[in-house]
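Beneath this line is the structure, given in structure tokens, with notes to follow.
The values are calculated or read from the model by the stated rules, or taken from the named source; none is laboratory data. As the structure is a prediction and not an experimental result, all values here were calculated from the model. In this analysis, Cβ positions are derived from the backbone assuming ideal geometry, glycine residues included, and neighbour counts consider all displayed protein chains. With ligands, DNA and RNA removed, areas are computed over all heavy atoms of the protein, side chains included. Shrake-Rupley method; radii C 1.70, N 1.55, O 1.52, S 1.80 Å.
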Amino acid sequence: MLAGTPANQKNSRWLTWGRWLFFASGWVAAVFVGVLELPAKIVSFSENFAPAKETTLNAAIDYQKYVGRFSSDPNSWVGSNLVSDGTHPPDDGDIQLDIEYLGHGEYSGEIRSAYMAKHALAPWSRVMIDGKVGLTGTFQGVVWDIVNGSRASYALFQLSPEDKSNGSLRLTPTSANNIFPGKVVLWPTDFEMSGGEHGQRFENLLHEVVARPSKNENAKNVESKSDP
């Protein structure tokens, strides 16, 4: 029988349909398996999304540039103290920061301010800070302490890179305060952070309170003067 006869054409059609059924069955099976695996993939995605996002943002924004010890004293810059016997000299900077990264763009730490000791009505010159970095890469911070059993905010500030080659930062106050004298350049350092000191204005206020006579003493003085 010739190749062009109806029987050969019929066999050719069956082969074509067979191939299409074979490929279609494979596609259906793949889709079916994919549907079965979809819940597991969704769970896997939800579990790994946050770490993946954190890693991506870390690479894009470089959160670590705000981590560590910083001082307003340029002589304490870690780059000028490459040879050391392992000791950590005391930090003499007027503004000193110690910052830790908590993750998800949030930070905590401490600040020591000599200016604060002289001008702020605070008992201590070393207090806490909290900070957060948004998508712009700027550090938004708050200086705070516990006063009368509750949190009290002293000032708001920003940190931004001053010179990426040496890791220095620029601190910019963003609220009226008695913590910072103005914009300050901070240098990364490994010097030991100062423990802080009592605020002078706070001590002066305590002395004034102690020196004031009590109401009872005033009353006694008035009575004694009124006696004949």
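Note on region 79-127: residues that are open to solvent by less than 40 Å² (accessible area, probe 1.4 Å) and part of a loop (DSSP other than H, G, I, E, B) total 6. The residue that is farthest from residue 80 (Cα to Cα), counting only those in region 146-182 that are aliphatic (A, V, I, L, M) and either open to solvent by less than 40 Å² (accessible area, probe 1.4 Å) or in a loop (DSSP other than H, G, I, E, B) (or both), is 152. Here is the figure for region 128-145: residues that are among the β-branched types (Val, Ile, Thr) and either in contact with a Ser or Thr (Cβ under 6 Å, 6 or more places away or on another chain) or not in a strand (DSSP E or B) (or both) total 3.
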